[in-house]
Amino acid sequence: MAEPVDVLVLGGGPAALCIASELNQRGVAVAGIAPDPVDALWPNTYGIWADELKMVGLEHLLEHRWSDTVSYFDAGGSTAQDQSHAHGIDYGLFDRAALQRYWLERAEGVVWHQDTAERVEVAGATTNVICASGTMLQARLVIDASGSRTPHIRRPDQGPVAGQAAYGVVGRFSKPPIEADRFVLMDYRCDHLSEEQRSEPPTFLYAMDLGDGLFFVEETSLALAPGVPYDVLKQRLQQRLDQRGVQITEVIHEEFCLFPMNLPLPDRSQPLLAFGGAASMVHPASGYMVGALLRRGPDLAQSLADALANPNLSSAALAKRGWQALWPMELVLRHQLYQFGLGRLMGFNEALLRTHFSTFFSLPREEWFGFLTNTLPLPRLMAVMLRLFALSPWELRRGLVLGVSSSQLPMLTQSAG
């Protein structure tokens, strides 16, 4: 059995490396358990608004950056209906290797065990983790950063979990699928769909020019329970390209994504802490998480380092300190508001979604940016949501209100009070 450590981190992805590196930087004795080598290249791409990285001084971790950032919220099909909405803010794509290396360098000295955690048992002052190999590891605190599908974190059952699904291709094309040097956040044009398809769950194109003749195009659904199947997304992407006379000439990488958008917050009384997807840190409105890891990781690590300085605190007491730091009431209430809003959007057809997002991005930039990055204080967030409602046309207001039961309204107003 290895020597006990202060904190044992489960997982080897962005969340695990983030919190392990932040703890290590504060002198905490950290070890990790990951099923794969922690320096193995991550398969998925990670995008972020450049200003989010500017907040934490990490803009150098971007591999690509676009100033021409747009969306399309019309139906498409004619020049008059083919106008882009400019966002006026830079968007970037992480250099995955650089981001991984940044965290690994800050986690220098952390021992990573290539194994799988089978059982986690809290025993007073320590927590034991029994691995698939039979090895047992001990720590004063265990942080599960192994993703939203972890079996070790308790959370309430609030019904089906909606997933954002996406199918994408990095490749070369017979002609550019989007304008040169452009990033497309959401292309909701639907002129490539049949009338029957338009009555099905809406999807949009997320796309970017990667330079040197390479493009990334991805068909994405906002959120659905269960998620939109990959074969449907692939078919819609092909139809979209066909409509524009574009053929894929070389597939360099295929991307398959499915992650929860409305995962309930974990039971914050449990003696095991979580971080990242396991802690429901995926933004319910945007699906993004890396920016939240970079912003919230340092504060959580500092709170844990301070608590670990007290040798008398049990594993349960340390976890409690961690949950309080990670999910203070302010963030809990914001999360509830976002989930409430997502529940309304999930019932929208493609026409209502196009109207909603067109209205949303007509808000002042600092408001929609703060909303999408979860950086608005609760009173400001509520004010932005009310402003959005006031600006919305009648059919959209009806959709935002439709389905709100008499039991939900008191809960929302009491939580926000």
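Per 0.36 nm of contour for each residue apart, how much would the distance between I248 and F389 grow if the chain were fully extended, relative to their Cα-Cα spacing?
In short, 46.7 nm is gained.
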Running a GNM on the chain with Cα contacts under 10 Å, which residue among T116, T127, T135 ends up with the highest mean-square fluctuation? T135
Determine the percent antiparallel among the DSSP beta bridges restricted to the chain, to the nearest 5. 70 percent
So what does V111 come to for accessible area, using a 1.4 Å probe and Å² rounded to 10? 80 Å²
Top mean-square fluctuation among S286, S221, S84, Gaussian network model of the chain, C-alpha springs under 10 Å? S84
Applying the Karplus parametrisation 6.51 cos²θ - 1.76 cosθ + 1.60 with θ = phi - 60° to the phi angles of region 95-110, what ³J(HN,Hα) value in whole Hz is obtained for each residue in order, glycine and proline being reported as x? 7, 4, 5, 5, 5, 5, 5, 4, 6, 5, 5, 6, 9, 4, x, 6
The answer for the per residue Cα convex hull volume of region 233-347, in Å³, is 146 Å³
With springs only between Cα atoms under 10 Å apart, run a GNM on the chain and tell me which of A309, A31, A278 wobbles the most. A309
Based on the mean of other beta carbon atoms within 10 Å per residue, what is the order of 205-217, 245-257, 139-151, most packed first? 139-151, 205-217, 245-257
Ordering 165-177, 382-394 by per-residue average of other C-beta atoms within 10 angstrom, highest first, gives 165-177, 382-394
Out of residues 5 or more away from L273 or on other chains, whose amide H comes under 5 Å of its own, with H placed 1.01 Å from N in the peptide plane? V142, D144
Only Lys, Arg (+1) and Asp, Glu (-1) charged, at Cβ; the chain dipole about Cα centre in debye: 1220 debye
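To the nearest 20 debye, what charge dipole does region 92-233 have about its Cα centre, counting +1 at the Cβ of each Lys and Arg and -1 at the Cβ of each Asp and Glu?
The dipole of region 92-233 has a size of about 520 debye.
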For region 215-345, calculate the relative contact order in percent as a whole number, restricting contacts to Cα pairs under 8 Å that are 6 or more residues apart. 23 percent
Read phi for every residue in region 347-361 and hand back ³J(HN,Hα) as whole Hz from Karplus 6.51 cos²θ - 1.76 cosθ + 1.60, θ = phi - 60°, with x for Gly and Pro. x, 7, 7, 5, 5, 5, 5, 4, 5, 4, 6, 4, 5, 4, 7
If amide hydrogens are placed 1.01 Å from N in the peptide plane, which non-local residues have theirs closer than 5 Å to the one on V9? A31, G32, I33, I143
Keeping the other protein chains in place, figure out the carbon and sulfur percent of the accessible area of the chain, with a 1.4 Å probe. 52 percent
Could you list log10 I(q)/I(0) for the chain at q = 0.07 Å⁻¹, which the Debye formula gives when each Cα is one point scatterer? -0.35
DSSP bridge orientation in region 1-153 - percent antiparallel, rounded to nearest 5: 60 percent
For E255, which sequence-distant residues (separation of 5 or more, or a different chain) have an amide H within less than 5 Å of its own amide H, given hydrogens modelled in the peptide plane? G168, V169, V170
Cβ charges +1 (Lys, Arg) and -1 (Asp, Glu), total dipole of region 165-308, debye: 200 debye
Grab the DSSP H runs of the chain that are 4 residues or longer, score each as -39,500 (n - 2.57), total them, divide by all residues and round the 222 nm result to the nearest 500 deg cm²/dmol. -11000 deg cm²/dmol
In whole Hz, the Karplus estimates of ³J(HN,Hα) for region 134-150 (6.51, -1.76, 1.60; θ = phi - 60°; x where Gly or Pro) are x, 5, 10, 10, 10, 7, 6, 8, 10, 10, 8, 10, 9, x, 5, 8, 4
Put +1 on the Cβ of each Lys and Arg and -1 on the Cβ of each Asp and Glu in the chain; which of A351, P266, A301 then has its Cα farthest toward the positive end of the dipole? P266
Using Cα pairs under 8 angstrom and six or more residues apart, how large is the relative contact order of the chain, in percent? 18 percent
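When only Cα pairs under 8 Å and 6 or more residues apart are kept, what is the percent relative contact order across region 27-173?
22 percent
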Working with all protein chains in place, sort H152, H87 by solvent-accessible area computed with a 1.4 Å probe, largest first. H152, H87
Rounded accessible area per residue of the chain, 1.4 Å, Å²: 43 Å²
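The values are calculated or read from the model by the stated rules, or taken from the named source; none is laboratory data. Given the structure is predicted, the values throughout are model-derived calculations rather than measurements. We place every Cβ from the backbone using ideal geometry, glycine too, and count neighbours over all the protein chains shown. Accessible surface is based on the protein model in full, side chains and every heavy atom, while ligands, DNA and RNA are left aside. Shrake-Rupley method; radii C 1.70, N 1.55, O 1.52, S 1.80 Å.
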